[in-house]
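Novice: Right, I'll just put the structure down here and ask away after.
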Amino acid sequence: MPLADPTPGGYFGDFGGLFVPETLVPACLELEQAFRSAWADKAFRRDLDSLLTDYAGRPSPLTSCERLSRELGVAVMLKREDLNHTGSHKINNVLGQALLAKRMGKTRLVAETGAGQHGVATATAAALMGLECVVYMGEIDMHRQELNVFRMRLLGSEVRSATTGSRTLKDAINEAMRDWVASVESTHYCLGSVMGPHPYPWMVRTLHEVIGREAREQCAARLNGDGCDGLPDVVAACVGGGSNAIGIFSGFAGTRTELVGVEPAGGAALNRGAPGVVHGSKSFLLQDEWGQVREAESISAGLDYPGVGPEHSALASAGLARYEVVTDEQVIDAFVLLSKTEGIIPALEPAHALAWVVRDRDLLAGKTVLVNLSGRGDKDVGQMIELLR
């Protein structure tokens, strides 16, 4: 059975909701109504499908990793979201939200970004559709992702530094939400993951379900025959906020395929956190003994977040998906291994999912594992030059 939609109040089980300042409640309700109307409109869906095909380059292919599979004793396949325009899965969500913003009469986008891929995708869509765009990025992330900062500015967007708190993704979200509060009449907040207040977790998941639909069809074509039912044994994806993971999970929910999300050891909200409210919704998050949000740490700027999307919290609580943890060192090793065996340089984010496969290869022996390669590693090469010296 497919993933369930949230309740009218925006809850997946015990998680989700709408925890925002009173001034933003009408904007969230307006956004939900606008998205429901747009998603039911065949013309809107045609326009989005056309952009995903002719501009973003979908469908993204499925790649069987023959040399890596032989080395690990695990049949590894990759869903190649790294081959999308702008280099990651983020473009799926952003094209949908930008189309929706224009439909709503908004003239300006604001966005947050950690690794820069969502920021680049938002800047790209804004340039394509003639919208003003401001992207908030943590000061630390701006230094370790200089290439993406340049790309956003080249595309005509303003990049503003978040200089408070940990100066990473959490603080960029804070700044973007403050901007939205102050400019809601003309601005759409193009949130980049399946987190935040309702309707964002549901809306972003819906826009990323294209990953799961394609992957299910591609696996059926690739794996059918010889007594196989066309399903991989495991689908694995990295989890920070969790958009790429929920996108590919949506295609395999309710089947025999095991769903595995992989968190960074310095974050791991689902493994080391507790329920609480952050950035507009109730979910698992890292907290201290007084309930204050603890900072997350990760080699990957895109996973450097203390919380997780509420639907992932619901899936974990119900035992419908499981969530593993890997270290930075394991991620570096997986990054190098895929590069050398398959000629594919992954982003550090999906390298987390690969690191879990490498680490647990004995438990996975003989199985077929589909990994969502949610982004390419160009953006991380500068950082890896320093780490691998």
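The values are calculated or read from the model by the stated rules, or taken from the named source; none is laboratory data. The model shown is predicted, which means the values in this text are computed figures rather than measured ones. Cβ atoms come from the backbone with ideal geometry, glycine included; neighbour counts cover every protein chain shown.
Novice: Any idea how many residues of segment 354-389 are out of contact with any Asp or Glu (no Cβ under 7 Å at 6 or more places or on another chain) and of a type in the set (K, R)?
Specialist: Number satisfying all stated conditions: 4.
Novice: Within segment 178-199, is there a residue that is part of a strand (DSSP E or B) and on the phi > 0 side of the Ramachandran plot?
Specialist: no
Novice: How do the pairs read when you match residues in segment 361-376 that are farther than 15 Å from R256 by Cα with residues anywhere that are among the polar types (S, T, N, Q) and at pLDDT 95 or above, using Cβ under 6 Å and keeping only pairs 6 or more apart or on different chains?
Specialist: As it stands, the answer is N372/N244; S374/S88; S374/N244; G375/S88, since those pairs meet every condition given.
Here is a yes/no grid of residues against (1) touching a helix residue (DSSP H, G or I) at 6+ places or on another chain (Cβ under 7 Å); (2) of a type in the set (A, V, I, L, M, F, W, C); (3) under 30 Å from D233 (Cβ atoms):
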residue	(1), (2), (3)
L31	no, yes, no
K79	yes, no, yes
D82	no, no, yes
R103	yes, no, no
Q117	yes, no, yes
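Novice: Could you list, in sequence order, the residues of segment 338-350 that are free of Cβ contacts under 8 Å to residues at least 60 places away in the same chain and in a helix (DSSP H, G or I)?
Specialist: Within segment 338-350, S339, K340 qualify.
Novice: Can you go through V381, V358 and tell me which one is surrounded by fewer than 24 Cβ atoms within 10 Å (Cβ to Cβ), at pLDDT below 95, in a helix (DSSP H, G or I) and not assigned by TED's automatic domain parsing to the domain that holds F150?
Specialist: V381
Novice: Pairs under 9 Å by beta carbon, first residue under 16 Å from F252 (Cα atoms) in segment 306-318, partner among the β-branched types (V, I, T), six or more apart or different chains?
Specialist: E311/V194; E311/I246; H312/V194; H312/V239; H312/I246; L315/I246; A316/V308
Novice: Further question on the same structure: Quick check on V194: is it in contact (Cβ under 8 Å) with a residue 60 or more places away in the chain, surrounded by 21 or more Cβ atoms within 10 Å (Cβ to Cβ) and not assigned by TED's automatic domain parsing to the domain that holds D304?
Specialist: yes
Novice: Taking V325, is it part of a helix (DSSP H, G or I) and either touching a helix residue (DSSP H, G or I) at 6+ places or on another chain (Cβ under 6 Å) or of a type in the set (A, V, I, L, M, F, W, C) (or both)?
Specialist: No; evaluated as a whole, the condition is false for this residue.
Novice: Hey, another quick one. Do you know which of the residues in segment 261-320 that are at pLDDT 95 or above and of a type in the set (S, T, Y) is surrounded by the most Cβ atoms within 10 Å (Cβ to Cβ)?
Specialist: S283
Novice: Any idea which of D14, D54 is modelled with pLDDT of 95 or more, among the charged types (D, E, K, R), surrounded by 13 or more Cβ atoms within 10 Å (Cβ to Cβ) and more than 29 Å from D233 (Cβ to Cβ)?
Specialist: After applying the criteria, what remains is D14.
Novice: For segment 211-232, enumerate the residues that are in contact with a helix residue (DSSP H, G or I) (Cβ under 9 Å, 6 or more places away or on another chain) and crowded, with 24+ Cβ neighbours inside 10 Å.
Specialist: I211, A215, P232
Novice: In this structure, does A237 turn out to be in contact (Cβ under 8 Å) with a residue 60 or more places away in the chain and either surrounded by fewer than 24 Cβ atoms within 10 Å (Cβ to Cβ) or more than 15 Å from the chain's Cα centre (by Cα) (or both)?
Specialist: So A237 does not fit the description; no.
Novice: Within the set of pairs 6 or more residues apart or between chains, which connect a residue that is closer than 9 Å to M104 by Cβ and of a type in the set (K, R) inside segment 27-41 to a residue that is modelled with pLDDT of 95 or more and assigned to a helix (DSSP H, G or I) with Cβ atoms less than 9 Å apart?
Specialist: Note: no pairs meet the criteria.
Novice: Taking the conditions exactly as written (farther than 25 Å from S60 by Cβ and under 23 Å from the mean Cα position of the chain (by Cα)), does V331 satisfy them or not?
Specialist: No: the conditions fail for V331.
Novice: So, S37, is that one more than 14 Å from L207 (Cα to Cα), out of contact with any His (no Cβ under 8 Å at 6 or more places or on another chain), in the same structural domain as I246 (by TED's automatic domain parsing) and polar (S, T, N, Q) or not?
Specialist: no
Novice: Can you pull out the helices (runs of 4 or more DSSP H) entirely within segment 1-117 that have at least 1 residues that are over 23 Å from E349 (Cα atoms) and of a type in the set (F, W, Y)?
Specialist: Per the criteria, 25-39, 42-54.
Novice: Okay, next question. Would you point out the residue of segment 68-125, among those that are touching a residue at least 60 places away in the same chain (Cβ under 8 Å) and polar (S, T, N, Q), that is surrounded by the most Cβ atoms within 10 Å (Cβ to Cβ)?
Specialist: Looking at the filtered set, the residue picked out is T122.
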